[in-house]
Amino acid sequence: MDKKHQCSHKPDVAPDKSAICERCFPTDNDVYVMNESSGGKIRDPRISAIWSLVFIGLGQFYNGRTRDGMSLWFGLLAIVIASLALPSLAEFFVYVVIGGWTYGVYEAYCTAQRINREEIPFRGESQWFFRSLVLILSSCCALFVYWLFSMLM
């Protein structure tokens, strides 16, 4: 990677082994640097794929690829709307969703590998990664509460 971040919090770190300080937030010009403790990985491809399995696009957000994650989200939304509008083709749309989701998992895995090989820069996790997690967890909690009250009534 071209640039390395040297912060004032860790002035004793040698420039060739510098890393983003935990207290610093990376700027647009900063890129993450691999160090020996990371085992040569900036993004773990397996974790990226697992996040994509949890929810479509989440692995792309984890890799810092907001546009790719949003494309998958809006694609899924379009398919859901189309399946509601054309119920006779709902089974076909299920296969399209499964294919798109599988592609998203594969793409998240490959993107993490390309980041680790320094073919594409990593500028930090997308802000949508954390927003998505909060949305998913709140939705699960709301569904659980709804289910719980429906069982009690």
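Just so it is clear, none of the values below were taken in a lab; they were calculated from the coordinates. Remember, predicted model here, so these are calculated numbers, not experimental data. Quick reminder, even Gly has a Cβ in these numbers, built from the backbone with ideal geometry, and neighbours come from all protein chains shown.
A simple spin-label model places the labels of Val96 and Ile50 3.2 nm from each other, with each point 7 Å out along Cα-to-Cβ. Relative intensity of segment 33-122 on a log10 scale, I(q)/I(0) at q = 0.26 Å⁻¹, equals -1.18, per a Debye sum over C-alpha point scatterers of equal strength in the absence of solvent. Dividing the mean sequence gap of close Cα pairs (under 8 Å, 6+ apart) by how many residues segment 37-92 holds gives a relative contact order of 19 percent.
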